[in-house]
1. Mark the label point 7 Å from the Cα of residue 174 along Cα→Cβ and return the residues of region 132-163 whose backbone N is within less than 14 Å of it.
2. Give me the aspartates and glutamates in straight-line cross-link reach of residue 95: C-alpha distance below 14 Å, same-chain residues under 8 apart excluded.
3. Would you mind telling me the share, in percent, of accessible area of region 323-409 contributed by carbon and sulfur at probe 1.4 angstrom?
4. Region 162-271: which trypsin sites (Lys or Arg not before Pro) are DSSP loop and have at most 16 other beta-carbon atoms within 10 angstrom?
5. All other residues with a Cβ under 13 Å from the Cβ of residue 266 taken together, and with Lys, Arg as +1 and Asp, Glu as -1, what is their net charge?
6. What list of ³J(HN,Hα) values in whole Hz, one per residue of region 305-320 in order, does the Karplus curve 6.51 cos²θ - 1.76 cosθ + 1.60 (θ = phi - 60°) give from phi, with Gly and Pro shown as x?
7. Considering the dipole of region 106-182 built from charges on the beta carbon (Lys and Arg +1, Asp and Glu -1) around the Cα centre, which of 141, 151, 122 is farthest to its positive end?
8. For residue 193, project a label point 7 Å along Cα to C-beta. Then give me every residue of region 158-173 with its amide nitrogen under 19 Å of that point.
Amino acid sequence: MKAQASSPTPKTSSAKPQAQAQASTSRSVSLTVKSVGGPVSGQFFEDIGSFNFSGTAEPVRSGQRVEIWYYGADHAWHRVRSTSTNSAGHYSVSKPVTVAAVRQFRATLGGSPASSSTVKSGVVKVTVHNAKVTITKPKSTVDSLKNPTVSGSIYPAMSGVLVHFQVRRSNGGWHDKATAKTKAGGKFSFTFTTGNSLLRGYSVRVRRWDSRGQRWETSGAAPIKRVKVLNAQVSQTTRGMVADTYRSGCPVGPSKLRTIRMNYYGLDKKMHRGVLIVAAGRVKSVEASFNTALKAGFRIRRMVNPDHWGGSDTKQMEDDNSSAFNCRKVTGNPYAQSPHSYGIAIDVNTRENPYHAANGKWYPTSGKSYIKRTPYRQGMITKSSSLNKAFRSHGYFWGGLWSPGTDYQHFEYDK
């Protein structure tokens, strides 16, 4: 920005030699204000670059004193710089830009512009813009297992400026989590990873240090709450996904199975990503049932592909795994084909919901303390459990109602 003002030179008359002599000694001063060292040509920004004051004074001579004054918030004039003219009557002096405001300047040949006897320039008004940090607010709620990007920019746009990414718990203070330097256009971005898998609320902000003003320029705060989201993703089951749970001669092959990857709420009060392999026709009902249970806060220990245990149902039950497809005989009854072989049965929290087999044994051995169904403990399935109600509403039978052969962990589609 360039602003210029000057005081008018009184007119003289060529008819009177005395008036000519007086005019040749009349005094005046002009003022131009330019931006120097700023990021945007012609504009002024808080604590960036300088004001350059320049102009000429008459009569032209070297060493004439020139003062620069500004009009303050107290409605008074304050001197900010003094300098002298060169042999051509020109002067130039600078002052660092400070706070954001509308500034009014005047040059004088000595003395306050408030005095009527002071030789002064006209008023030069300039605007100093506020330097700031802004962020593009992310979604206020996110999948607890996702890490959203928080982006924004600084103004005025400058690259290479160090910015700090901060996070605050709802009941705590602000903490630096990462730093980065701005890129072209003053832009920055950070990945929010704090609290991944937890169900908590946070606030985020970005700031930079103003070394000239000795203060922080800070963006507004944005809330981010990590929440329970099923985020089910379905894919065609491949032969490799059932390497140990399918074999030639099984009633259902990989082409008729679907792999569902979904989130679940763990017994550790954290969110996890699990996998179930089910019959293609059962995908929607399984998704809907687990989604209902998740929203209600039902907890699950583990949900891993049974191939992790080589397809052994006994071993995966001991590890409290929840699973579906597994081409095998009924555990405890080697003469009956398990409905899990068809991908229409699901076992959930095997330890908290043990199975009383036809041979009289309870499986798994680690679940013996849960044979007695009272008092209720997390992960147990009862008649009133959200998961039980959801599955039964979609046409599944709960094994906890079987007698004999109670199977608290078992849901089976029976329509």
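The values are calculated or read from the model by the stated rules, or taken from the named source; none is laboratory data. This structure is a prediction, so every number in the text was calculated from the model and none was measured. Neighbour counts run over all protein chains shown; Cβ positions are idealised from the backbone, glycine included. Accessible surface areas use protein heavy atoms only, side chains included; no ligands, DNA or RNA. Shrake-Rupley method; radii C 1.70, N 1.55, O 1.52, S 1.80 Å.
1. Backbone N within reach: 132-135, 163.
2. Straight-line reach from residue 95, under 14 Å: 46, 47, 67.
3. Whole-percent figure for carbon plus sulfur exposure: 56.
4. Details: sites: 168, 169, 177, 181, 183, 187, 200, 205, 207, 208, 212, 215, 225, 226, 228, 239, 247, 256, 258, 261, 269, 270; in loops: 183, 200, 212, 228, 247, 269, 270.
Answer by residue number: 183, 200, 212, 247, 269, 270.
5. Details: positive: 228, 269, 270, 273, 299, 301, 302; negative: 268, 320, 352.
Overall, the nearby charge balance is +4.
6. Listing the rounded values in order: 4, x, 4, 4, 10, x, x, 6, 5, 4, 5, 6, 5, 4, 8, 6 Hz.
7. 141
8. 163-169
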